[in-house]
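Data first, discussion second: the structure below is written as structure tokens.
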Amino acid sequence: MKARVFVTLKNGVLDPQGKAIHHALEGLGFGGVNDVRAGKLIELDLADGTSDSDIEEMCRKLLANTVIENFKIERAA
Amino acid sequence: MQAAVIVFPGSNCDRDLAVAIRDVTGKAPAMVWHRESELPAGTDLIAIPGGFSYGDYLRSGAMAARSPIMKAVVEAAGKGVPVLGICNGFQVLTETGLLPGALMRNAGLHFVCRTVGLKVENSQSIFTARYQSGEQIGIPVAHHDGNFQADAETLDRLEGDGRVAFRYTEQVNGSARDIAGVLNAQGNVLGMMPHPERVIENAHGSTDGRRLFEGLLEAVA
């Protein structure tokens, strides 16, 4: 069983890496990019029967720093 | 004084910190490996050094904060044992929740490595008692993730409660309100990005960091 955890910066938290990527895209001539936010994707290969609350606990305890980051869990079917 | 320096895989300022503590206090600290689950009996100062624990994987300090020894550190901090976290040590302390906020990538994206100006904001703490309030000192920084951020309410509380220990006097890394070092509510935990252990003897070109350790010695002894 697989799950994907998306870790993203909360709204309002300055994202210097996203800004740098934005500048680089503009430098390559890609106009029309309004904003870029960078995050992380963490793929988990889990034992069958791992509950949603177990995964949420993993996120809260380690995978995301909830002071500055949000997380979203997506289970593979 | 029986200090303990916590050592993680990837710590690289542990020896400098141990030398500074030994030089000022006259006693070598215990070097405690991250896999230990207990601190040496009688530990009355815990020092968490700079470096790149666990290669900064996931987030700076994130893995170190979940290592076995940190449970003992959090417990000791709760009992009032002084805890000093420098640079990566500061990142570890925010990740454990002993200190508020988070240390993010420097706003300018560059690794910053130079001596910076600091203003001592609070000289009432056990860490800063040998400084004058408002005094300006110079302490080296060397970090990529020193951009201290917290929500406005937390920042207001830190300022209102005198928990900002040091503030940069120049633009360094984009930290909210130029905060360079913060205290916990009880005042026994300090995290700071600058490295006081690098300026403790004349051969370093400055001794501006020495009084931090002298103050601790006086407070603990």
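The values are calculated or read from the model by the stated rules, or taken from the named source; none is laboratory data. Quick caveat: nothing in here was measured; it's all calculated off a predicted structure. With ideal geometry, Cβ positions are generated from the backbone for all residues, glycine too; neighbour counts draw on all protein chains shown. Heavy atoms of the whole protein, side chains included, go into the accessibility calculation; ligands, DNA and RNA do not. Shrake-Rupley method; radii C 1.70, N 1.55, O 1.52, S 1.80 Å.
Observations on the model:
- Inter-chain shielding of B:200-206 (mean C-beta neighbours from other protein chains, 10 Å cut-off): 0
- Degrees between helix A:16-27 axis and first principal axis of chain A (Cα, 0 to 90, nearest 10): 50
- With the simple spin-label model, which puts each label point 7 Å out from Cα in the Cβ direction, the A:Lys10 to B:Lys79 separation comes to 3.3 nm.
- With a simple spin-label model that places each label point 7 Å from the Cα along the Cα-to-Cβ direction, the separation between B:Arg15 and A:Asp48 comes to 5.3 nm.
- Close amide H partners of B:Val7, meaning residues 5 or more places away or on another chain with modelled amide H under 5 Å apart, are B:Val32, B:Trp33, B:His34.
- In this label model, B:Asn202 and B:Gln136 are separated by 2.6 nm, measuring between points 7 Å along each Cα→Cβ vector.
- Chain-alone versus full-assembly comparison, region B:91-123, residues with accessible loss of at least 30 Å² (1.4 Å probe): B:Ala102, B:Met104, B:Arg105, B:Leu109
- For chain A, carbon and sulfur atoms together expose 52% of the accessible surface, with a 1.4 angstrom probe and every protein chain in place.
- Magnitude of the charge dipole, region B:118-203, Cβ model with Lys/Arg +1 and Asp/Glu -1, debye to 20: 180
- Helical contribution to [θ] at 222 nm, DSSP H n ≥ 4, -39,500 (n - 2.57), averaged over chain B, rounded to 500: -7500 deg cm²/dmol
- Cα gyration tensor shape of region B:97-213, rounded if a/c is under 1.5, else prolate or oblate by comparing a/b with b/c: oblate
- Percent of beta bridges antiparallel (DSSP, chain B, rounded to nearest 5): 60
- Size of charge dipole - the protein assembly as shown - debye, nearest 20, with Cβ of Lys, Arg +1 and Asp, Glu -1, no other charges: 220
- Cα gyration tensor, chain A - rounded (a/c under 1.5), prolate or oblate: prolate
- Cα centroid separation - region B:116-161 against region A:17-67, whole Å: 31
- Taking Cα centre as origin and charging only the Cβ of basic (Lys, Arg, +1) and acidic (Asp, Glu, -1) residues, the dipole magnitude of chain B rounds to 240 debye.
- Overall form of chain B per C-alpha gyration tensor (a/c, 1.5; a/b vs b/c): rounded
- Förster radius 45 Å - calculated FRET efficiency between B:Thr169 and A:Met1 (Cβ-Cβ, nearest 0.05): 0.25
- For the protein assembly as shown, the C-alpha radius of gyration sits at 1.04 times the compact-globule guess of 2.2 N^0.38 Å, with N the residue count.
- Accessible area buried, both sides summed, chains B and A with 1.4 Å probe, Å²: 1100
- Legend: Rg and Dmax of region B:113-178, from Cα coordinates, 12.1, 31 Å.
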